Amino acid sequence: MEKKDLRIVFFGTPEFAVESLRRLVEGGYNIVGVVTMPDKPAGRGHHMYQSDVKRYALQQGLHLMQPVKLKDEEFVEELRNLHADLQIVIAFRMLPEVVWAMPRLGTFNLHASLLPKYRGAAPINWAVMNGDTETGVTTFFLKHEIDTGDIIEQRKVAIGRHDNVGDVHDRLMLLGASMVIDTVESILNGTVKTTPQAQMLTAGEQPTPAPKIFKDTCHIDWSRPAEALYNHVRGLSPYPAAWTTIVDATGKEHSTKVYATGEPEPKPESERPGTITSDGRRMWVACGDGRLEIKQLQVAGKKSMPTDAFLRGFRIEGAHCN
């Protein structure tokens with residue numbers, strides 16, 4: 001079969017998925033349908049937000065579907081009528097079996113980790129938050145349990161000491177897109193080989209979870225070690241961002257996102273976690289066993305700014321972080 005004859009349906013939502021879809025389209029593959037999330041209101045004006053995948057699909061004139069429920073019979077019938085040979089899923093929600101089992105060549109997913117490490121919704125965040133020095137991308141065939149299918153291919157990438165989750169995201173997006181093309185080629189040529197995830201675990205080893213990130217997950221607990229908080233901040237930057245509450249000398253609370261810190265430093269033993277010190281241009285916050293210099297932050301209602309700009313408009317004396 002020629003690639004122009006291979007009928008592919010693509011499932012995806014964010015920018016991470018667009019790069020793979022673009023490579024498929026520009027590579028001459030036959031994308032007979034694109035499935036993405038329904039539009040939703042966003043921002044202060046509640047304007048309807050279109051996913052990155054939808055915007056690209058419309059630009060390319062691709063057949064677009066935005067089902068509210070993936071088991072809806074009307075959607076399932078529309079999907080069935082596309083007669084897909086293969087389905088590709090990238091950064092989308094969990095598919096029901098009636099959908100993923102439909103194509104004759106199966107449905108594969110691109111996941112942003114080295115499975116079985118970091119199964120779940122936020123693999124890149126957790127890899128950086130946990131201080132890992134390596135991660136990667138995996139393609140695997142879907143099965144009943146999420147992120148558990150047999151692995152087709154994996155590729156690794158280093159996580160630098162000063163990388164944040166945005167840096168790692170962008171590298172994995174490009175690496176993953178190349179691997180998607182290679183995976184499709186191996187399926188098309190009949191050379192695809194798979195490995196059960198259980199074979200990739202050593203005796204007694206368990207898969208690593210990567211659960212969804214919530215607001216409470218992002219809160220900075222200053223009693224934790226400085227090294228852990230250094231990784232916490234960069235693992236959530238630039239999105240959704242770690243946050244703390246700065247309490248000024250009057251007791252007023254200022255919800256504040258923290259985008260970047262310096263390396264962990266020693267602190268005086270007398271400084272309790274959350275204590276703020278400053279020389280007028282720079283600002284440090286005490287942690288459980290050290291301190292971190294805050295380099296980039298955003299107080300609620302204001303723009304993100306370097307710390308020296310923040311200090312020019314904020315009276316820091318007597319303030320602390322909760």
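The values are calculated or read from the model by the stated rules, or taken from the named source; none is laboratory data. If you're wondering where the values come from, they're calculated on a predicted model, not measured in any experiment. Note that we place each Cβ from the backbone using ideal geometry, even for glycine, and neighbour counts take in every protein chain shown. Heads up: the accessible areas ignore ligands, DNA and RNA and are worked out on the full protein's heavy atoms, side chains in. Shrake-Rupley method; radii C 1.70, N 1.55, O 1.52, S 1.80 Å.
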Checklist line | Listing of strands (runs of 3 or more DSSP E) fully contained in the range 26-114 that carry 3 or more residues being over 27 Å from K4 (Cβ atoms) | finding: 40-42, 47-49
Next item on the list: Of the conditions (1) closer than 21 Å to T138 by Cα; (2) assigned to a helix (DSSP H, G or I); (3) in contact with a helix residue (DSSP H, G or I) (Cβ under 6 Å, 6 or more places away or on another chain), F10 clears all except one; give me its number.
Entry: (2)
Next item on the list: Could you tell me whether S237 is in a loop (DSSP other than H, G, I, E, B), open to solvent by less than 20 Å² (accessible area, probe 1.4 Å) and of a type outside the set (A, V, I, L, M, F, W, C)?
Entry: yes
Item checked: Positions within the range 195-223 being surrounded by 14 or more Cβ atoms within 10 Å (Cβ to Cβ), free of Cβ contacts under 8 Å to residues at least 60 places away in the same chain and under 25 Å from L105 (Cα atoms), in sequence order -> none
Notebook entry, point to check: Among the residues of the range 25-45 satisfying the criterion of being at pLDDT below 95 and more than 23 Å from K69 (Cβ to Cβ), which is nearest to the chain's Cα centre (by Cα)?
Noted result: G43
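Going residue by residue through the range 250-263, is there one that turns out to be under 30 Å from C321 (Cα atoms), touching a Gly at 6+ places or on another chain (Cβ under 6 Å) and open to solvent by less than 80 Å² (accessible area, probe 1.4 Å)?
Within the range 250-263, not a single residue is under 30 Å from C321 (Cα atoms), touching a Gly at 6+ places or on another chain (Cβ under 6 Å) and open to solvent by less than 80 Å² (accessible area, probe 1.4 Å).
Listed here are the residues, each with its yes/no results for (1) farther than 30 Å from L24 by Cβ; (2) touching a helix residue (DSSP H, G or I) at 6+ places or on another chain (Cβ under 7 Å).
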position	(1), (2)
G166	no, no
H169	no, yes
V180	no, yes
G251	yes, no
Check: Which members of the range 270-310 meet the condition of being open to solvent by less than 50 Å² (accessible area, probe 1.4 Å), in contact with a strand residue (DSSP E or B) (Cβ under 9 Å, 6 or more places away or on another chain), within 21 Å of P225 (Cβ to Cβ) and not in a strand (DSSP E or B)?
Finding: E271, G274, G290
Check: Can you tell me how many residues in the range 65-74 are hydrophobic (A, V, I, L, M, F, W, C) and open to solvent by less than 90 Å² (accessible area, probe 1.4 Å)?
Finding: 2
Check: Of these, L62, L82, L142, L110, which one is within 18 Å of V184 (Cβ to Cβ) and either among the acidic types (D, E) or open to solvent by less than 10 Å² (accessible area, probe 1.4 Å) (or both)?
Finding: L110
